[in-house]
Amino acid sequence: MDAVVQFIRNGLCCIKDLGLLKDTFLYDPSITAQYYKFPEPLNKTTPLEVFIAITQFYAFWFTAKGGLNLMFSSYGKIKRIERLMESRPPVKTDADRLINASLVKEGMHSIRSMFVGFLLFFLGSAFFWLFANSFHVTEAGWIGGVAGLIHALTVAEIALVPLLYYMYKDGFEHLAKATRLEHLAETLRTNALKSGADLGLSSIEQIANWAPFWGTGVSPYASAASNEAKLMAQETDYINDTIRKLTEKPKADDKMAKAKKQEYLSEQADELIRTARVTRMEGYREFLYLVINSIAFYGYLMAIFGFHFPDEEKQPMWLRQAMGNYSNAEADWYGNFAGDFMWTVEPVIILTSPFFLNRLRRASTVSVDKKKKIE
């Protein structure tokens, strides 16, 4: 739903930027006045701006609220993971090693999620000033006027910087994971897996389809679950069973058992190859998100530059070059349109990429099956 609203919001902003459908009711403030008579200067609000404002309020409310919820649930998750790690025995088995690695990974992910929630809260809060601006509240000088709007936009830009870094980091992590999965697939296909020591966390998560109970967020006010020890024992048994299936050697004279084992390993290898291909494309998608949001980030900077350096003749050379040697008004328009257009494209990718990734997985399945028939 967030992606749909984002597409509608920025699509409408692009229509306003380009002045499309100029002769329609969308630009007629008298239509708005038929439903509510705003005081000046709010009475300039057109139906198009009302539609934009509704979607901006959605972004303000649900993004800020979602950021708070993410912070609280991530903090609760950290508390639970700390409790589980304190009760962990010394590492004696590969299952113990993998479970500890998962606890550390999820703990680090929770810390990051808390920070992301913090960023989302401020990013979402900035949309309140954009919502008000669509109703021409900025012209009235309320809630800070133009300066308040620019400061809100500045806060959003600052919050976006770490998110851009995470897109960059996640892209490389997806590519590295795909490589690890491909390597493990080859190891399984040749039956070269000697012990559980050769298995990494991402590998066991994929092979076992493992999603441990400590991976989900929880309220920070939740008390220690009485069944945590039992759940941990179940997770340990599950991982031990998976490792056993992968590494146990059938008896040398049991040809049927050896054939079944090789078939099982081949099936796991095929699934790993399919997942690796999808994971690699997900990594490329992260880099695409990085490009899209970097352009939007740079575009929206133009309004901030223009506000803080209103005298074009006194602007430093680096700023003039950064603004493309345009006037403040022109740089603001081009930058704003670039941001609106990029954030219109992004939800299209969000909504359609799962379809293409599923097709890639199915195509990979067909490719693997054909290869097996040839062999």
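The values are calculated or read from the model by the stated rules, or taken from the named source; none is laboratory data. These figures come from a predicted structure and were not determined experimentally. Quick reminder, even Gly has a Cβ in these numbers, built from the backbone with ideal geometry, and neighbours come from all protein chains shown. SASA here: full protein model, heavy atoms, side chains in, ligands and nucleic acids out. Shrake-Rupley method; radii C 1.70, N 1.55, O 1.52, S 1.80 Å.
Please work out which residue is farthest from the chain's Cα centre (by Cα), limiting yourself to region 310-368 and to residues that are basic (K, R) and open to solvent by 50 Å² or more (accessible area, probe 1.4 Å).
Filtering region 310-368 down to residues basic (K, R) leaves 314, 320, 359, 361-362.
Narrowing further to those that are open to solvent by 50 Å² or more (accessible area, probe 1.4 Å): 314, 359, 361-362.
On the way: K314: 40, R359: 21, R361: 21, R362: 24 Å.
Checked region 310-368; the qualifying residue farthest from the chain's Cα centre (by Cα) is K314.
Taking region 209-239 as the search range and keeping residues that are open to solvent by 30 Å² or more (accessible area, probe 1.4 Å) and either touching a His at 6+ places or on another chain (Cβ under 8 Å) or aromatic (F, W, Y) (or both), which one is modelled with the highest pLDDT?
Filtering first and then ranking leaves Y238.
Just one of (1) aliphatic (A, V, I, L, M); (2) more than 25 Å from H109 (Cβ to Cβ); (3) touching a Phe, Trp or Tyr at 6+ places or on another chain (Cβ under 9 Å); (4) surrounded by fewer than 18 Cβ atoms within 10 Å (Cβ to Cβ) trips up L12, so point out which.
Every condition holds for L12 apart from (4).
Just to be sure before I move on: is F122 in contact with a helix residue (DSSP H, G or I) (Cβ under 8 Å, 6 or more places away or on another chain), of a type in the set (F, W, Y), modelled with pLDDT of 95 or more and buried (at least 16 other Cβ atoms within 10 Å of the Cβ) in the structure I sent? Walk me through how you get there before you give the answer.
Values: in contact with a helix residue (DSSP H, G or I) (Cβ under 8 Å, 6 or more places away or on another chain): yes; of a type in the set (F, W, Y): yes; modelled with pLDDT of 95 or more: yes; buried (at least 16 other Cβ atoms within 10 Å of the Cβ): yes.
Spelling it out, F122 is indeed in contact with a helix residue (DSSP H, G or I) (Cβ under 8 Å, 6 or more places away or on another chain), of a type in the set (F, W, Y), modelled with pLDDT of 95 or more and buried (at least 16 other Cβ atoms within 10 Å of the Cβ).
Return the residues of region 157-202 that are open to solvent by 40 Å² or more (accessible area, probe 1.4 Å) and among the acidic types (D, E); say none if nothing qualifies.
Scanning region 157-202 gives E173, E182, E186, D198.
Filter region 180-205 down to the residues that are in a helix (DSSP H, G or I) and polar (S, T, N, Q) and list them by number. It would help to see each step written out before you state the result.
To start, the set of residues in region 180-205 that are in a helix (DSSP H, G or I) comprises 180-189, 196-198, 201-205.
Residues satisfying the conditions are T187, S202, S203.
Considering each of G148, G171 in turn, give the residue that is assigned to a helix (DSSP H, G or I), of a type outside the set (A, V, I, L, M, F, W, C) and without any contact (Cβ under 8 Å) to a residue 60 or more places away in the chain. Reasoning before the result, please.
Working: G171 fails: without any contact (Cβ under 8 Å) to a residue 60 or more places away in the chain.
Every option except G148 fails the conditions.
When you go through (1) farther than 24 Å from E182 by Cβ; (2) over 33 Å from the mean Cα position of the chain (by Cα) one by one for K245, which number turns out not to apply?
Among (1) farther than 24 Å from E182 by Cβ; (2) over 33 Å from the mean Cα position of the chain (by Cα), the lone unmet condition for K245 is (1).
Which numbered condition trips up A296, out of (1) open to solvent by 50 Å² or more (accessible area, probe 1.4 Å); (2) assigned to a helix (DSSP H, G or I); (3) of a type outside the set (S, T, N, Q)?
Against the list (1) open to solvent by 50 Å² or more (accessible area, probe 1.4 Å); (2) assigned to a helix (DSSP H, G or I); (3) of a type outside the set (S, T, N, Q), A296 comes up short only on (1).
In region 42-99, what count of residues is obtained for those that are of a type in the set (A, V, I, L, M) and more than 20 Å from I111 (Cβ to Cβ)? Talk me through it step by step, then tell me what you get.
Start the filter on region 42-99 by keeping residues that are of a type in the set (A, V, I, L, M), which leaves 42, 48, 50, 52-54, 59, 64, 68, 70-71, 78, 81, 84-85, 91, 95, 98-99.
From what's left, more than 20 Å from I111 (Cβ to Cβ): 42, 48, 50, 52-54, 59, 64, 91, 95, 98.
Adding up the residues that qualify gives 11.
I'd like the residue in region 223-247 that is in contact (Cβ under 8 Å) with a residue 12 or more places away in the chain and of a type in the set (D, E) and, out of all such residues, is farthest from I81 (Cα to Cα).
Looking at residues that are in contact (Cβ under 8 Å) with a residue 12 or more places away in the chain and of a type in the set (D, E), I get E235.
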